[in-house]
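One structure below.
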Amino acid sequence: MTEQFSRRDFLSTSSQVGLAAVFAGAVPTVLVGSGASPDGKPAVLGGTPMNKASYSGWPILQGDEEKNILEILRAGQWFRGYQNQGMVAEFEKEFATANGANACVATSNGTGALIATLAALDIGPGDEVVTTPWTFIATINSIIAHFALPVPIDVDLETFQLDGKLADAACNENTRCLLPVHIGGAPANMDEFIAVGKKRNIRVIEDACQAHFGQWRGKKLGTLGDAGCFSFQVSKNLPSGEGGAVLTNDEDLAERIYRCHNNCTGRRTKALDGSYGMVRAFNFRMAEFPAAVLRAQLKHVEKFAAIREANGRYLNKLLADVPGVYPAKIEEGGTMSAWHL
Ligand SMILES: *Cc1c(COP(=O)(O)O)cnc(C)c1O
C-alpha cells in the first residue's frame, strides 16, 4: 500500500470506474447487475442518474410494527412480566431460532447485554479482558463498569478486524475473557479466538452489536463463542430504537445472565418460581414495546442481510479496481458479512 495518489488522480480515475455506484449502495437498493451509469459518467458530473427513485430512509417499517404495539398497548402488558410469554419472551425464542442458538436473553440495549454477560462471568477488579482498540466505546465501557482492565491488541491492516494471532501473547494469569468485536459487521477470525480460549481455559464473548446475521464458516456471528452480545439501537441492521440481546448455547450461562440483567431474579417459567442468586445484578430488562417492533423487523431482516451481502461484495470488487483504494478484506472463514453501515 505504498503507491502515492493525489486527490486529483483519485477523483479522475474513480469517476471513470463508476464511483456513482458507491453512492447508490444504500440498502435496500439492489445494486448487483445494475452496472455502471449508462453514459459512464457520475450524475454529479452531468451523467444519467442510476437511481431515479428516492433513497429509502432508515429505519424501514416492515408492516406489523403498529399492530404489535397496539396489541400490547391496549392489553396493558407493557412489562415483560413474570410469565414466559409476551412480546419479549416470543422475540427471545424467535431470535435464538433465527440464529441457531439455544438461548437468548433480551436486554434494554447492547451495552447492557455486554455488562450483564461480563457480570455473569463474575469479571471484576484485578481481572483482564483482551479486546480491541477499534470499536464503539461501549465495548470498553462494559469492561470498566466492572473495574476490570481492558487489554487492547492490534487490528489486522487488511481486514480491520482484531488480530487473533496476537491474543495468546496478551494473556496472563489475570486474563478472564477474550472479547473480540465483529467491527463493521465483518467477521473477526473466530477460529483463532476460540483456539486461544480453549488453550487458556477462558471464555470468549463476541461483541456482535454490529454483526446481525453475519456468518463465520456458515454459523451465525454471536453463536460461535460462549456468548454473543447484540444491539438493536436504531442505527443497527435490526433496529428497535433501543434494545439488545445475548445469545448463548450454554443454558446455565443464560440463566446467570438473566439474573444479572434482572436484579438477581431468575427466569420464572411458572408463576412464582423465580429464585434469587447472589450475582452482581442490574436492571437491563427489555420493555414490551421494542420487542413488538423487533418481532416485526425480524421477519424480514435476513432478506435485507442477503441484499447487503450481494451489494457489499459487488462494491468491494469494483472498488478494488480503483488505483489507491484497498477495500477491507473479509477473512477467508467469513462466509457472510453483516455490512453494518
Ligand atoms: C452499538 C454498539 C454497542 C452498544 O450498543 P447500544 O445498544 O448502543 O448500547 C456495543 N458495541 C458495538 C461494537 C456497537 O456497535
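Structure summary
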{"read-out": "Long-range amide H partners of Val151 with built H, under 5 Å", "value": "Val129, Val130, Thr131"}
{"read-out": "Highest-fluctuation residue, Gly228, Gly112, Gly241 considered, GNM on the chain with Cα pairs under 10 Å", "value": "Gly241"}
{"read-out": "For the stretch 83-211, size of Cβ-based charge dipole, Lys and Arg +1, Asp and Glu -1, in debye", "value": "260 debye"}
{"read-out": "Highest-MSF residue in the chain out of Phe147, Phe289, Phe304 [GNM, Cα springs under 10 Å]", "value": "Phe147"}
{"read-out": "Selected from Pro49, Ile69, Asn237, residue furthest toward positive end of dipole (the chain; charges at beta carbon)", "value": "Ile69"}
{"read-out": "Given charges at Cβ of Lys, Arg, Asp, Glu: the stretch 240-341 dipole, positive-most of Tyr326, Ala291, Asn316", "value": "Ala291"}
{"read-out": "Top positive-direction residue, dipole computed over the stretch 92-203 with Cβ charges, set Ala148, Asn172, Thr117", "value": "Thr117"}
{"read-out": "Magnitude of the charge dipole, the stretch 68-298, Cβ model with Lys/Arg +1 and Asp/Glu -1, debye to 20", "value": "640 debye"}
{"read-out": "With Cα atoms, 0 to 90° folded angle of helix 251-261 axis to the chain main axis", "value": "90 degrees"}
{"read-out": "Nearest-ten-degree value, helix 7-16 long axis tilted from longest Cα axis of the chain", "value": "80 degrees"}
{"read-out": "Other-chain or far-sequence residues with amide H under 5 Å of Trp216's (modelled H)", "value": "Leu221, Thr335"}
{"read-out": "Distant-in-sequence amide H partners of Leu224 (H built 1.01 Å from N, under 5 Å)", "value": "none"}
{"read-out": "DSSP beta bridges in the stretch 68-298 [antiparallel fraction, %, rounded to 5]", "value": "50 percent"}
{"read-out": "Pairwise Lys count, the stretch 68-298 - Cα closer than 23 Å, eight or more residues apart or different chains", "value": "13"}
{"read-out": "The chain: calculated mean residue ellipticity at 222 nm from DSSP helix runs of at least 4, using -39500 (n - 2.57)", "value": "-10500 deg cm²/dmol"}
{"read-out": "From phi via Karplus (6.51, -1.76, 1.60), per-residue ³J(HN,Hα) for the stretch 43-56 in Hz, x at Gly/Pro", "value": "4, 5, 9, x, x, 6, x, 6, 10, 8, 7, 7, 6, 6"}
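Just so you know, all these numbers are worked out from the coordinates, no wet-lab data involved. Everything numeric in this text was worked out from a predicted model, so none of it was measured. Positions of Cβ are generated from backbone atoms using ideal geometry, with glycine treated the same way; all protein chains shown enter the neighbour counts.
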